[in-house]
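Below you'll find the structure, written out as structure tokens, and then a few comments.
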Amino acid sequence: MTYSTNGETSLLTLDDYHIGFKTERGLAKAVDGVSLTLNRGQTLGIVGESGSGKTVLNRGVMGLLAASNTVESGSAKFEGEELVGKNRQLFWGTKMAMIFQDPMTSLNPVMKVGNQVMEPLRQHKGLSKSAAKERVAEIFTLVGIPEPIKRLNQYPHELSGGMRQRVMISIALAIEPDLLIADEPTTSLDVTVQKYILDLLTRIQKERGMSMVLITHDLGVARGRADEILVMYGGRVMEHAPTEKLFENMSHPYTAALFASIPHLHHEKHTRLTPISGTPPDIVEPPTGCRFAPRCTYAQEQCLVESPPMTQDGDHRFACHFPVGTPQGQEALTKNQQRGKTASGLQIRKKAEVI
Ligand SMILES: Nc1ncnc2c1ncn2[C@@H]1O[C@H](COP(=O)(O)OP(=O)(O)O)[C@@H](O)[C@H]1O
Ligand code: SF4
Ligand SMILES: [Mg+2]
């Protein structure tokens, strides 16, 4: 089964993909049956609050999780080749690369940054030392590192956060990957640098025809940069659609709640943010029924007992019994507003008080 939002060739296909961690309390199901297809040259935004399973999903695909306490199952195929059960080191240097939120944890603190970018070029591309050096200077220029030759001889601690992230991007780009996974690449940076780095990644992705997974907790970051957006919660897919369609026809209450919790630059009058109250579910013993039910303003009795199946509406899919914008959804919300609480006991404002 494929979940492609258009008919192009797929690069990465996950089918009922699971990752669990063995803990003293039992298996922590961080990724619990995710299916998706990423096509060549496309950018997929993966969005969800902290703890949704975004990082584990992607580190799992990359084969970067410790095998000793990780249980991986289902299928993850790259160019049709099954990754589950295989050592993926061969892919890192050639096909897939990942950049992380905090470049300090992935850069080697005692190695000059130039050497860190040269290493993959020499190892995987077989370049001579001088050719690699020349190539690194080119890449540094491409990612906006000024005085590239001087920077080659500096150590990570001598660079600002923004420059370190550009070095990480350089390492990832050096191997010319088919797939670049950017895991909250700008969260630790200030706003102007964030925009620069995100625009840079988007530009390079387009120029190179690379596929990209852009992981972010901020729906606003994915908007305008991702071709499609997949919303995750408690290790599961809540909603997935081409970006425009998602914003036009938001169907899952969790997506709507995420949307209400971000600043809307386009609607200055609605700058008041509504944070999602409560915390993500326990992934060792997740609630029966819908995982979002304890925090969902639409929740009905059915949601507490029955896990919502995935509804597929063309290239838009969502898992909810009472979708936003449907008569059932409106009825559920009105019922809760009238009783002042949801089926799971969440207190909400009574209808008269709702603005
Ligand atoms: N090594 C681990 N052992 C047990 N649980 C883990 C481990 N790594 C991550 N988790 C749990 O998996 C869930 C998903 O984490 P993560 O993928 O980092 O979330 P996100 O990237 O969406 O913020 C969290 O509940 C986290 O605590
Ligand atoms: S309405 Fe029910 S199924 Fe839909 S998100 Fe809320 S709790 Fe889950
Ligand atoms: Mg993360």
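The values are calculated or read from the model by the stated rules, or taken from the named source; none is laboratory data. In this text, all values refer to a predicted model and were calculated from it rather than measured experimentally. A quick note on method: Cβ atoms are made from the backbone with ideal geometry, for glycine too, and the neighbour counts reach across all protein chains shown.
Return yes or no: is Ile175 β-branched (Val, Ile, Thr) and either crowded, with 20+ Cβ neighbours inside 10 Å or free of Cβ contacts under 8 Å to residues at least 12 places away in the same chain (or both)? It would help to see each step written out before you state the result.
Details: β-branched (Val, Ile, Thr): yes; either crowded, with 20+ Cβ neighbours inside 10 Å or free of Cβ contacts under 8 Å to residues at least 12 places away in the same chain (or both): no.
No; evaluated as a whole, the condition is false for this residue.
Identify all residues within the stretch 44-67 that are surrounded by fewer than 24 Cβ atoms within 10 Å (Cβ to Cβ), touching a helix residue (DSSP H, G or I) at 6+ places or on another chain (Cβ under 8 Å) and either assigned to a loop (DSSP other than H, G, I, E, B) or at pLDDT 95 or above (or both); write none if there are none.
Scanning the stretch 44-67 gives Glu49, Gly63, Leu65.
In contact (Cβ under 8 Å) with a residue 24 or more places away in the chain and near ligand 1 (Cβ under 9 Å from one of its atoms) - does that describe any residue in the stretch 70-88?
Yes, there is a match, as at least one residue in the stretch 70-88 is in contact (Cβ under 8 Å) with a residue 24 or more places away in the chain and near ligand 1 (Cβ under 9 Å from one of its atoms).
Of (1) more than 22 Å from Gly209 (Cα to Cα); (2) of a type in the set (Ser, Thr, Tyr); (3) touching a helix residue (DSSP H, G or I) at 6+ places or on another chain (Cβ under 7 Å), Thr187 satisfies all except one. Which?
Failing condition for Thr187: (3).
Which ones in the stretch 75-105 are in contact with a Phe, Trp or Tyr (Cβ under 8 Å, 6 or more places away or on another chain) and buried (at least 17 other Cβ atoms within 10 Å of the Cβ)?
Step one: of the stretch 75-105, the residues in contact with a Phe, Trp or Tyr (Cβ under 8 Å, 6 or more places away or on another chain) are 75-76, 78, 83-84, 91, 95-96.
Within the stretch 75-105, Ala76, Phe78, Leu83, Val84, Phe91, Lys95, Met96 meet the criteria.
Condition first: of a type in the set (A, V, I, L, M, F, W, C), touching a helix residue (DSSP H, G or I) at 6+ places or on another chain (Cβ under 7 Å) and within 16 Å of ligand 1 (Cβ to nearest atom). Now tell me which residues in the stretch 278-294 satisfy that. Break it down stepwise before answering.
Applying the first criterion (of a type in the set (A, V, I, L, M, F, W, C)) to the stretch 278-294 yields 283-284, 290, 292-293.
With touching a helix residue (DSSP H, G or I) at 6+ places or on another chain (Cβ under 7 Å) added as a condition, the list becomes 290, 292-293.
Result: Phe292, single match.
Taking into account only those residues within the stretch 186-229 that are more than 21 Å from Phe247 (Cα to Cα) and within 15 Å of the chain's Cα centre (by Cα), which is nearest to ligand 2 (Cβ to nearest atom)?
For the stretch 186-229, the residue satisfying everything is Thr187.
Go through the stretch 330-344 and report how many residues are more than 20 Å from Asn249 (Cα to Cα) and either of a type outside the set (Gly, Ala, Ser) or part of a helix (DSSP H, G or I) (or both).
Residues in the stretch 330-344 being more than 20 Å from Asn249 (Cα to Cα) and either of a type outside the set (Gly, Ala, Ser) or part of a helix (DSSP H, G or I) (or both): 7 in total.
Being in a helix (DSSP H, G or I) and away from ligand 1 (no atom under 16 Å from the Cβ) is the filter here, so list the residues in the stretch 295-329 that pass it. Let's see the steps before the verdict.
Of the residues in the stretch 295-329, the ones in a helix (DSSP H, G or I) are 295, 301-305, 327-329.
If the condition is that a residue be in a helix (DSSP H, G or I) and away from ligand 1 (no atom under 16 Å from the Cβ), then Glu301, Gln302, Cys303, Leu304, Val305, Pro327, Gln328, Gly329 are the ones that fit.
Of the residues Leu180, Leu201, which is touching a strand residue (DSSP E or B) at 6+ places or on another chain (Cβ under 7 Å), touching a residue at least 12 places away in the same chain (Cβ under 8 Å), away from ligand 1 (no atom under 16 Å from the Cβ) and part of a helix (DSSP H, G or I)?
Being touching a strand residue (DSSP E or B) at 6+ places or on another chain (Cβ under 7 Å), touching a residue at least 12 places away in the same chain (Cβ under 8 Å), away from ligand 1 (no atom under 16 Å from the Cβ) and part of a helix (DSSP H, G or I) holds for just one of Leu180, Leu201, which is Leu201.
Here is a list: Leu219, Leu246. Which entry is within 16 Å of ligand 3 (Cβ to nearest atom) and either in contact (Cβ under 8 Å) with a residue 12 or more places away in the chain or not aromatic (Phe, Trp, Tyr) (or both)?
Leu219
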